[in-house]
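Just below is one structure, and these are the notes that go with it.
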Amino acid sequence: QVQVVESGGGLVQAGGSLKLSCTASLRIFRIDDMGWYRQAPGKERELVAVITSGGTTNYADSVKGRFTIARDNAKNTVFLQMDSLKPEDTAVYYCNVAVKILNVNYWGQGTQVTVSS
């Protein structure tokens, strides 16, 4: 069964840190790109960071230097270390798992990140 589960969200003060985790339980041998998206109230969903199966990363300009994405291929898990958080980072963060050979993306249910002033 397909299951993508995020954890690690919460409430922090500006300047604080959070680490998000996402584990994909898929009955396949390989997962391709894994990424994090976020959507703030009244705004469009945006890509935060993505990492390929080989470890190549890309970040949104707004989080460069503050967020770090990593993955554990053996555990089908992707992490997002968020440092120096700002109130503008407040959003629901969604994990995305891509399986290119199937041309499909799997999504988690989202985890709320709230950064107070």
Query raised in the report: Only one of (1) open to solvent by 50 Å² or more (accessible area, probe 1.4 Å); (2) outside any loop (DSSP other than H, G, I, E, B) fails for V12. Which number is that?
Result: (1)
Report task. Among residues belonging to segment 52-81 that are among the charged types (D, E, K, R) and open to solvent by 40 Å² or more (accessible area, probe 1.4 Å), point out the one that is nearest to the chain's Cα centre (by Cα). Result -> R71
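Residue by residue through segment 33-51, note down the ones that are part of a strand (DSSP E or B) and surrounded by fewer than 16 Cβ atoms within 10 Å (Cβ to Cβ).
Hits for segment 33-51 are Q39, E46, L47.
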Query raised in the report: If you check A98 against the conditions, is it under 17 Å from Q3 (Cα atoms) and either touching a helix residue (DSSP H, G or I) at 6+ places or on another chain (Cβ under 9 Å) or outside any strand (DSSP E or B) (or both)?
Result: no
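If you scan segment 77-117, which residues turn out to be polar (S, T, N, Q) and touching a residue at least 12 places away in the same chain (Cβ under 8 Å)?
Applying the first criterion (polar (S, T, N, Q)) to segment 77-117 yields 77, 81, 84, 90, 96, 103, 105, 109, 111-112, 114, 116-117.
Scanning segment 77-117 gives T77, Q81, S84, T90, N96, Q109, T111, Q112, T114, S116, S117.
The values are calculated or read from the model by the stated rules, or taken from the named source; none is laboratory data. The structure displayed is predicted, hence computed values, not measured ones. Quick reminder, even Gly has a Cβ in these numbers, built from the backbone with ideal geometry, and neighbours come from all protein chains shown. With ligands, DNA and RNA removed, areas are computed over all heavy atoms of the protein, side chains included. Shrake-Rupley method; radii C 1.70, N 1.55, O 1.52, S 1.80 Å.
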